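Report on the structure given below.
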Amino acid sequence: MKNKGLKIAVGMSTCNMAAGSRKLLERLEKESLDAELSTMGCLGMCHAEPQIRVTDADGRESLYCAVNPAKLERIIKEHLRGGSPVEAWLFNANEGDGAALLTKQQRIVLRNCGRINPESIDEYLANDGYKALEMVLKQNNPSEVCETVLRSGLRGRGGAGFPTGLKWKFALKERRDKKYVICNADEGDPGAFMDRSTLESDPHAVLEGMTIQAFSTGANEGYIYCRAEYPLAVAHLKRAIAQSEERGFLGDNILGSTFSFHLHIKEGAGAFVCGEETALMASIEGERGMPRLRPPFPAQSGLFGKPTTINNVETLASVPWIIRHGAEKYAAIGTEKSKGTKVFALAGKIKRGGLVEVPMGITIREVVEEIGGGTGTHRKVKAVQMGGPSGGCIPADLLDTRIDYDEINRTGAIMGSGGMIVLDETTCMVDVARYFLGFTQLESCGKCTFCRIGTRRMLEILTRICAGDGVPEDIDELEELAVQIKNTSLCGLGQTAPNPVLTTLKYFRKEYEEHINDKKCRAGKCVNLCSYEISEACTGCTVCAHKCPVGAISGERKGQHKIDQEKCVRCGVCRDVCKFDAVKVI
Amino acid sequence: MCGVNMGCVCDIKKSVDEMIERVGSSVEMAIPLLQAVQSKFRYIPKEAIEHIASKTEMTETKLYGVATFYSQFRLEPVGETIIRVCHGTACHVAGAEGVTEALEKRMGIKDGETTADGKYTLESVACLGCCSLAPVVSVDGEIHAKVDRGSAVELIEEREKA
Ligand SMILES: Cc1cc2nc3c(=O)[nH]c(=O)nc-3n(C[C@H](O)[C@H](O)[C@H](O)COP(=O)(O)O)c2cc1C
Ligand code: FES
């Protein structure tokens, strides 16, 4: 054997595994190599998973993307055994796509994600792990830490953007025997996954942030409330907690100080509203997750009636970096009122989907078109959905909006937790609005009448419009209901539920009118309102005929194909698979 | 113990006793207890709720209140294999409705139902956190990426063969 002293890390995050990394790991385990075989989390490049990183004995790193079993055989032969990397397959961060992806990113939250083995506390420690906690405990001045976090300008990444340092100061001020901290890992926005990825790929960063949060607010007990759909995140957290306890970063008298902190994990049970802080606390208490009126705010009376500080995963993972590098360094990044970096989950019609972390202040266009590479097809970006069910659709002509809490709010969307779903002309905006109302209607806890019944009425109207039964008055009624629901709901769920409808009405009103008046869905999504036709551009490649689930397409090889309108179910598969843009919606 | 059948009442009672012992019996443990029950029996049998109510401070009303609020909990038995189609935003715009439709057709059931032979349950879920690989389907917890109508049906066909 020629090649010795290698380190091989296989991406074993949920997304990597979905892309097939488990088979690669199993294959490598069978090959008796003189190498340290380990795992890593998600690098954020979900479009090019699974990934394997090989570190040669001399320290040279090679990252292989989109590895499949066949590719792996060649990597084993030439690189792992032969000692020469397969140059043609190496990810290059300095040129081409790699450079476009990385140049404008700045990694603070994701600093270790995909870099270290998330199951190893030693790897975290080797990357300045728990240094911030040491600094904080040595200084032993909670209010000083609150000030530092306040000066850094860090705002809550869970959606509302409240200044984190201020929240901590409120809790510290409370003179009570018992206080709690909570990490909100409920990640409810269906389309956002940065919290999952951070918990899976760098759990200690969140634990360190939480321990500092507890120290700074005077709490000695904490809960991580994690979504039920994230089993791997829970497993990694449990392991990380056990490791930290063993090494004295958690538990009694942390690092020999007088500060003690105990941490529990609570798994959610599948209710979006439990991401809302008061509902989340009710859920930890074993109740139905119903929000309650604030005040009293959690800082005064939260979990079990005690002062409680609740923060999002990404907020907490930023904290150790801020302590280590200083508030000024963090505050130097971003805009006047939005500091630091924000992680976005890029998905939808996008070439390079995944997680990206960018400095505040860059434009949505830079994120979507430069970093994400645009739609990756001949189609143009039509809109970007931000903020999930509470957010809205920002149209293509506003893509130069900067990533800044206030500027995004001005468009009618919100920063939210950082879901960014890119939509192109094949997406029907009325259908998107209907989709979100379907979601909020289902997830409304039912406490407020307008949220419970109003969202249902809005959903009925939108469903009617999509089915082709809309009437002109529908639009006015949607707008009226939207205002009523916003004004009469107790929590953020209801207050923001109409946003997807309001923003699509603001920017894509014409599409609503076409559905209602012309009975047309230009995107080809609403089956009653469109039909598909194959144009002369057809080369007769037969792909669409093979893919059609109902056998509605016929034609000779190399001849123009035809769709049988009687059989066609308007699923749009033919358009999706056509490489020649020959399938048209009429 | 009175037999091999897992659903037998005394077996349920015995398991639930163990869970109460392990998880705790205070009111705030309602959700973790029900989660333990479900992870063992794959749904929440009526007898388990009755038994928890008889052994702890929690009433049946309280337990049903919790069990019906959270979408994770099922009060009916499920199929051997659970197929969950993601209907999060990214999966929706990538065609998740078509995937569910194709699976419904192949299995002869509607979303949320279990096949008559008890083999499969088809469910929708709000997001599996792999949005860049949409549409996503999980089969017994294993996540499959970039699924379409055809490959979704193949997932079942492969299992049938195996
Ligand atoms: C309906 C609803 C859902 C929410 N879901 C989440 C969530 O999944 N994750 C999260 O961190 N915050 C969520 N929030 C925001 C929380 O209520 C709270 O503001 C946040 O956890 C505070 O942490 P931060 O200051 O670090 O952002 C949600 C709010 C509402 C109204
Ligand atoms: S939207 Fe389907 S995995 Fe997130």
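Just so you know, all these numbers are worked out from the coordinates, no wet-lab data involved. Just so it is clear, the model here is predicted, and its values are computed rather than measured. Counting neighbours? That spans all protein chains shown, and the Cβs are built from the backbone with ideal geometry, glycine included.
Starting with the highest mean, order A:455-466, B:8-19 by the number of other Cβ atoms within 10 Å, averaged over the residues of each peptide. Write out the running numbers ahead of the final one.
On the way: A:455-466: 21.0, B:8-19: 16.6.
Put in order of decreasing packing, that is A:455-466, B:8-19.
Classify segment A:22-69 as rounded, prolate or oblate, taking a ≥ b ≥ c as the square roots of the eigenvalues of its Cα gyration tensor: rounded when a/c is under 1.5, otherwise prolate if a/b is larger than b/c and oblate if not. Kindly include the intermediate steps, with their values, before the conclusion.
Values: a/c = 2.11, a/b = 1.21, b/c = 1.75.
Because a/c hits 1.5 or more and a/b fails to exceed b/c, segment A:22-69 counts as oblate.
At what distance in nm do the modelled label points of A:Glu480 and A:Asn94 sit from each other, each positioned 7 Å from its Cα along Cα→Cβ?
Output for this residue pair reads 6.6 nm.
Spin-label point model (7 Å from Cα, Cβ direction): what's the A:Ser84 to A:Ile453 distance in nm?
7.7
Using a cut-off of 19 Å between alpha-carbon atoms, which aspartates and glutamates can reach B:Lys119, once sequence neighbours fewer than 8 places away in the same chain are excluded?
Of all the aspartates and glutamates, those that pass the test against B:Lys119 - Cα under 19 Å, at least 8 places apart if same chain - are B:Glu76, B:Glu80, B:Glu101, B:Glu104, B:Asp111, B:Asp140, B:Glu142, B:Glu154, B:Glu157, B:Glu158, B:Glu160.
Which of rounded, prolate or oblate describes the protein assembly as shown when judged by the alpha-carbon gyration tensor and an a/c cut-off of 1.5? Could the numbers behind the result be given before it?
Working: a/c = 1.32, a/b = 1.19, b/c = 1.11.
Taking the square roots of the gyration eigenvalues as a ≥ b ≥ c, the protein assembly as shown is rounded.
Using θ = phi - 60° and the Karplus relation 6.51 cos²θ - 1.76 cosθ + 1.60, list the HN-Hα couplings for segment A:52-58 in order, rounded to whole Hz, with x at every Gly or Pro.
Computed from phi, the couplings for segment A:52-58 are 9, 10, 10, 10, 6, 4, 7 Hz.
Which pairs break 20 Å Cα to Cα here: A:Lys167/A:Lys339; B:Lys40/B:Lys110; A:Lys104/A:Lys579?
Violating the 20 Å limit, Cα to Cα: B:Lys40/B:Lys110; A:Lys104/A:Lys579.
Hey, can you rank A:471-479, A:8-16, A:44-52 by average C-beta count inside 10 Å, highest first?
Values: A:471-479: 14.1, A:8-16: 27.1, A:44-52: 25.2.
Highest to lowest by the protection proxy: A:8-16, A:44-52, A:471-479.
Going by average Cβ neighbours within 10 Å, how do the peptides A:167-178, A:359-370, A:382-393 rank, with the highest at the top? Don't skip to the end; give the middle numbers.
Values: A:167-178: 17.4, A:359-370: 20.1, A:382-393: 28.1.
In descending order of packing, they fall as A:382-393, A:359-370, A:167-178.
Quick check: residue separation of A:Arg247 and A:Arg410 times 0.36 nm, minus the Cα distance between them. What number comes out in nm?
On the way: separation 163, 0.36 × 163 = 58.68 nm, distance 4.75 nm.
Answer, rounded to one decimal: 53.9 nm.
Within segment A:86-103, find all residues whose amide N lies under 14 Å from a label point positioned 7 Å from the Cα of A:Arg60 along Cα-to-beta-carbon.
A:86-91, by backbone N distance to the label point.
Apply the Karplus curve 6.51 cos²θ - 1.76 cosθ + 1.60, θ = phi - 60°, to the phi angles in segment A:403-417 and return the couplings in whole Hz, x for Gly and Pro.
6, 7, 3, 6, 5, 5, 4, 4, 7, x, 8, 9, 4, x, 8
Only Cα pairs under 8 Å and at least 6 apart count here; give the relative contact order of chain A as a rounded whole percent. Walk me through the numbers before you get to the answer.
Working: 1252 pairs, mean separation 66.6, N = 586.
It comes to 11 percent, rounded to a whole number.
Just going by the charge dipole of segment A:31-164, with Lys and Arg at +1 and Asp and Glu at -1 on Cβ, which of A:Leu33, A:Ile76, A:Ala132 is farthest out on the positive end?
Of A:Leu33, A:Ile76, A:Ala132, it is A:Ala132.
Pop the C-beta distance of A:Glu26 and A:Asp469 into the FRET formula with R0 = 56 Å and round what comes out to the nearest 0.05. Working shown, then result.
Numbers: r = 53 Å, r/R0 = 0.95.
So, using R0 = 56 Å, E works out to roughly 0.60.
With just the Cα atoms of segment A:315-396, tell me how far they stretch along each of the three principal axes, in Å, largest first.
Sorted largest first, the three principal extents are 45, 24, 21 Å.
Enumerate the calculated ³J(HN,Hα) couplings along segment A:365-372 in order (Karplus 6.51 cos²θ - 1.76 cosθ + 1.60, θ = phi - 60°), each rounded to whole Hz, writing x wherever the residue is Gly or Pro.
4, 4, 5, 6, 8, 7, 5, x
What aspartates and glutamates could a cross-link reach from A:Lys510, if we take a straight Cα to Cα line under 17 Å and drop same-chain neighbours fewer than 8 places away?
A:Asp397, A:Asp424, A:Glu425, A:Asp431, A:Asp469, A:Glu473, A:Asp474, A:Asp476, A:Glu477, A:Glu479, A:Asp518
Determine the alpha carbon to alpha carbon distance for each of A:Lys238/A:Lys306; A:Lys7/A:Lys77; A:Lys306/B:Lys62 and list only those over 21 Å. Intermediate results must be reported in sequence, preceding the final value.
Values: A:Lys238/A:Lys306 25 Å; A:Lys7/A:Lys77 16 Å; A:Lys306/B:Lys62 23 Å.
Where the Cα-Cα span goes over 21 Å, the pairs concerned are A:Lys238/A:Lys306; A:Lys306/B:Lys62.
Once you order the gyration tensor axes a ≥ b ≥ c over the Cα atoms, which shape class does segment A:106-169 get: rounded for a/c under 1.5, otherwise prolate or oblate by comparing a/b with b/c?
Numbers: a/c = 2.95, a/b = 1.38, b/c = 2.14.
Oblate, because a/c is 1.5 or more while a/b does not exceed b/c.
What are the residues whose amide H is under 5 Å from the amide H of A:Gly222, where those residues sit 5 or more places off or on another chain and H is modelled from the backbone?
Answer set, sorted by chain and number: A:Val181, A:His262, A:Leu263, A:His264.
How about A:Lys179: which aspartates and glutamates have a C-alpha closer than 13 Å to its C-alpha, ignoring those fewer than 8 places off in the same chain?
A:Glu221
For segment A:517-556, state which GluC sites (Glu not before Pro) are in a DSSP loop and have at most 12 other beta carbons lying within 10 Å of their beta carbon. If you can, show how the numbers build up before the last one.
On the way: sites: A:Glu533, A:Glu536, A:Glu556; in loops: A:Glu536, A:Glu556.
Answer by residue number: A:Glu536, A:Glu556.
Once R0 is set to 45 Å, what does the formula 1/(1 + (r/R0)^6) return for the Cβ-Cβ distance between A:Phe162 and A:Asp564, expressed as a FRET efficiency to the nearest 0.05?
0.20
Taking 21 Å as the cut-off for C-alpha to C-alpha distance, list the pairs among A:Lys71/A:Lys380; A:Lys380/A:Lys525; A:Lys380/A:Lys584; A:Lys380/A:Lys547; A:Lys486/A:Lys520; A:Lys351/A:Lys382 that go past it. Don't skip to the end; give the middle numbers.
Working: A:Lys71/A:Lys380 33 Å; A:Lys380/A:Lys525 17 Å; A:Lys380/A:Lys584 16 Å; A:Lys380/A:Lys547 24 Å; A:Lys486/A:Lys520 30 Å; A:Lys351/A:Lys382 15 Å.
Pairs exceeding 21 Å: A:Lys71/A:Lys380; A:Lys380/A:Lys547; A:Lys486/A:Lys520.
For peptide A:189-197, how many partner chain Cβ atoms fall within 10 Å of a residue's Cβ, on average?
6
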